[in-house]
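A short reminder: the numbers here are calculations on the coordinates, not readings from a lab. Just so it is clear, the structure is predicted and the values come from calculations on it, not from any experiment. Cβ coordinates were reconstructed from backbone atoms using ideal geometry, including for glycine residues, and neighbour counts include every protein chain displayed.
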Amino acid sequence: MTSPLPPRDPLQQLARSCAACRRCGLAAGRQQVVVSRGNPTARLMLIGEGPGAQEDLAGLPFVGRSGQLLEQLLAAAGLDSQSDTYVCNVVKCRPPGNRKPTAAEMAACRPWLEQQIALVDPLVIGLVGATALEAVLGIRGGITRLRGQWRASDQDTPNLGVLRGRWLMPLLHPSYLLRNPSQAEGSPRWHTVRDLAELRRRLIDPPLG
Ligand code: SF4
């Protein structure tokens with residue numbers, strides 16, 4: 001008698017489905033589909049823009065210089081990237097030349113992102129960079145003004161879907177911080193460590209209701 005098959009992990013199934021996806025033109029230039037890294041049961045999800053060259057080769061998001069800086073900033077805020085976060089991107093395949101994904105590409109990939117949010121079920125979502133802010137909440141521009149401000153999902157999106165009940169915060173992208181290396185008080189890096197610490201505080205002490 002054969003033993004029953006173990007139940008399939010929905011996130012693994014999602015990764016397999018993404019690996020076969022050709023919904024948009026980015027499929028043609030990819031080495032690998034880049035789905036996620038980190039803890040699939042984390043209550044903090046970080047969403048970036050899309051894979052760069054090193055991520056495309058490794059098959060993992062945020063592994064290049066930006067990823068290394070992100071790890072340092074998370075550590076400075078008391079967070080561990082592997083155990084405390086689930087990290088993914090708006091688009092799962094590398095845009096050529098690291099250009100910004102088009103609106104059509106972001107829309108094509110959105111169902112995968114929504115499935116990730118539904119399955120991981122994070123309380124808090126960090127929108128890493130202007131493209132993530134635009135793709136998830138439809139807010140264009142203003143990342144340096146909006147960073148560090150909580151966006152209750154109900155406040156921004158009439159069609160809430162999987163965002164309902166979650167807390168979202170725009171964050172500066174590590175690639176921007178690499179171009180602005182000052183760590184002085186009031187610098188973009190200084191603010192980002194405090195923004196990440198605020199995400200951590202919200203995880204520890206969520207608001208009632
Ligand atoms: S970017 Fe997203 S929608 Fe486009 S081919 Fe890759 S997985 Fe599919």
- prompt: Which length gain, in nm to one decimal place, applies between Lys100 and Ser182 when the Cα-Cα distance is subtracted from 0.36 nm times their residue separation?
  reply: 27.0 nm
message: Tell me the mean residue ellipticity at 222 nm calculated for the chain from its helices only (DSSP H runs of n ≥ 4, each -39500 (n - 2.57), averaged over every residue, nearest 500).
response: -11500 deg cm²/dmol
message: Given N residues in segment 57-209, what is its alpha carbon radius of gyration divided by 2.2 N^0.38 Å?
response: 1.01
field: Label-point gap, in nm, between Arg16 and Leu123 - each point 7 angstrom along Cα→Cβ
entry: 3.3
message: Please give me the summed charge of the neighbours of Pro96: other residues whose Cβ is under 13 Å from its Cβ, Lys and Arg +1, Asp and Glu -1.
response: +2
statement: Computed for the chain: size of charge dipole around the Cα centre, +1 on C-beta of each Lys and Arg, -1 on C-beta of each Asp and Glu, debye to nearest 20, value 420
query: Taking the mean number of other Cβ atoms within 10 Å as a proxy for protection, how do you rank 133-139, 25-31 from highest to lowest?
result: 133-139, 25-31
message: Using DSSP to call loops (not H, G, I, E or B), can you name the trypsin sites (Lys or Arg not before Pro) in segment 101-195 whose Cβ has at most 13 other Cβ atoms within 10 angstrom?
response: Arg140, Arg164, Arg179
- prompt: Between Gln68 and Ile204, what is the FRET efficiency for a Förster distance of 25 Å, r being their Cβ-Cβ separation, to the nearest 0.05?
  reply: 0.45
